[in-house]
Amino acid sequence: QVQLGESGGGLVQAGGSLRLSCAASGRADRTYAMGWARQAPGKEREFVAAISRGGRLTTYTDSVKGRFTISRDNAKNTVYLQMNSLKPENTAVYYCAADFLYYGSTLREYDYWGQGTQVTVSS
């Protein structure tokens, strides 16, 4: 079993930046592919970014390419989402996800999820 804990959310003005962190605990013998998803009020949860177990591969939803960067520090069992040039439409609860086998954008493939952290971007 893997536990995920997100942090770093908050209120920021449009054009600003935030860095989200997700710390994983529970299975020290495994490294997991990790992803970020978000859910805005009244909308379905959507994929944001993912990173492979070793960190060599990353993928993003089109709307965040060039503005968001996913990275990881396996020594700290932590994955990050650096978010720059934030827009009001990026307001959502951001969730961290993990899976031992799957790397990609299909959210139902991820086995483990965090509780989420709120990101609010004011105009």
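The values are calculated or read from the model by the stated rules, or taken from the named source; none is laboratory data. Predicted model only: the values in this text are computed from it and were never measured. For neighbour counting, all protein chains shown are included, and Cβ atoms are generated from backbone atoms with ideal geometry for every residue, glycine included. Accessible surface areas use protein heavy atoms only, side chains included; no ligands, DNA or RNA. Shrake-Rupley method; radii C 1.70, N 1.55, O 1.52, S 1.80 Å.
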Qualifying residue in the stretch 43-50 (condition: touching a Lys or Arg at 6+ places or on another chain (Cβ under 7 Å), closer than 18 Å to S123 by Cβ and open to solvent by 30 Å² or more (accessible area, probe 1.4 Å)): no
Report the residue count in the stretch 75-85 for those that are more than 15 Å from the chain's Cα centre (by Cα) and either closer than 15 Å to W36 by Cα or in contact (Cβ under 8 Å) with a residue 24 or more places away in the chain (or both). 2
Subset tally (residues that are surrounded by 16 or more Cβ atoms within 10 Å (Cβ to Cβ) and modelled with pLDDT of 95 or more) for the stretch 60-77: 7
Every residue from the stretch 28-72 that is among the small types (G, A, S), closer than 19 Å to G9 by Cα and within 12 Å of the chain's Cα centre (by Cα): G35, A37, A49, A50, S71
Which of the residues that make up the stretch 86-111 are open to solvent by 50 Å² or more (accessible area, probe 1.4 Å) and either under 15 Å from W36 (Cβ atoms) or touching an Asp or Glu at 6+ places or on another chain (Cβ under 6 Å) (or both)? Y102, Y103, S105, E109, D111
List the number of the failed condition for T58; all other conditions in (1) more than 16 Å from Y102 (Cβ to Cβ); (2) of a type in the set (S, T, Y); (3) free of Cβ contacts under 8 Å to residues at least 24 places away in the same chain hold. (1)
